[in-house]
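The values are calculated or read from the model by the stated rules, or taken from the named source; none is laboratory data. Not measured: the values here are computed from a predicted model. As a convention, Cβ positions derive from the backbone with ideal geometry for all residues, glycine included, and neighbour counts pool all protein chains shown.
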Amino acid sequence: MNKAQARTLLKEARAQVEDRARKEARMNGALLGFAPLRQAGTLFVYSAFGAEPPTQALIEALLRQGKRVCLPRVEGREMLAVPIGPDSAYRRGSFGILEPLGQPIPPEEVDLVVCPGLGFGQDGSRLGYGGGFYDRFLKKTAALRVGLCYNACIWQCVPAEEEDEKMHYLVSEAGVTSCREGKT
């Protein structure tokens, strides 16, 4: 199966997810209870759009905990990590996603990245939308990588190429799974 075929099947699987509110609450609970996330000072969290698991409640909880939370802003072919706060201003980006204005930070300052994906392999492989934005960003940081998705979108394997960056952990409504050791 190639990436285009897998993307089609994963979009269908994600669209059929039922009881989203309960599953999303379980995902947030798993993330907020995840020790590496609790220990991280600077987090880079995606801005959800479409049928992706929402991140707004997670972002608000992290800000209440005093974490430095960054959201992505796309400029050209690069994705930047921009810290946010209660007075942050936003613009609608080229993909229709709200992006923060403000000064970006170096990727090296990020401790943990919460990544979106159409789907993930159990080995941490990530299948995104095909723009390569997260792969390019992840190459610049040693941050812990956490893929967030519905359990229906975690497959044994997804099509991946050598330049595709892998996740260290996956979080779904089923909990946290280590991709490095295969442990939950």
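Annotations for the structure displayed:
- Leading residue by the ranking (farthest from GLY93 (Cα to Cα)) among those in region 30-76 that are among the β-branched types (Val, Ile, Thr) and touching a residue at least 40 places away in the same chain (Cβ under 8 Å): THR42
- Taking every residue in region 123-142 that is within 22 Å of GLU12 (Cα to Cα) and pairing it with any residue that is loosely packed, with under 15 Cβ neighbours inside 10 Å and of a type in the set (Phe, Trp, Tyr), at least 6 positions away or on another chain, the pairs with Cβ-Cβ distances below 9 Å are TYR129/PHE95; GLY131/PHE95.
- Flag if LEU98 is in contact with a Phe, Trp or Tyr (Cβ under 6 Å, 6 or more places away or on another chain), crowded, with 18+ Cβ neighbours inside 10 Å, in contact (Cβ under 8 Å) with a residue 40 or more places away in the chain and within 24 Å of VAL69 (Cα to Cα): no
- Restricting ARG126, ARG38, ARG68 to residues that are among the basic types (Lys, Arg) and either at pLDDT below 95 or surrounded by fewer than 19 Cβ atoms within 10 Å (Cβ to Cβ) (or both) narrows the list to ARG38.
- Restricting attention to region 165-184, the residues that are at pLDDT 90 or above and in a loop (DSSP other than H, G, I, E, B) add up to 7.
- Odd one out for GLU52, checked against (1) at positive phi; (2) surrounded by 13 or more Cβ atoms within 10 Å (Cβ to Cβ): (1)
- Against the conditions (1) in contact with a Phe, Trp or Tyr (Cβ under 9 Å, 6 or more places away or on another chain); (2) among the aliphatic types (A, V, I, L, M); (3) at pLDDT below 95, ALA160 satisfies every one except (1).
- Search result, residues across region 111-129 that are part of a loop (DSSP other than H, G, I, E, B) and touching a helix residue (DSSP H, G or I) at 6+ places or on another chain (Cβ under 9 Å): ASP111, PRO116, GLY117, LEU118, GLY128, TYR129
- So GLU108, is it part of a helix (DSSP H, G or I) and touching a Ser or Thr at 6+ places or on another chain (Cβ under 8 Å): yes
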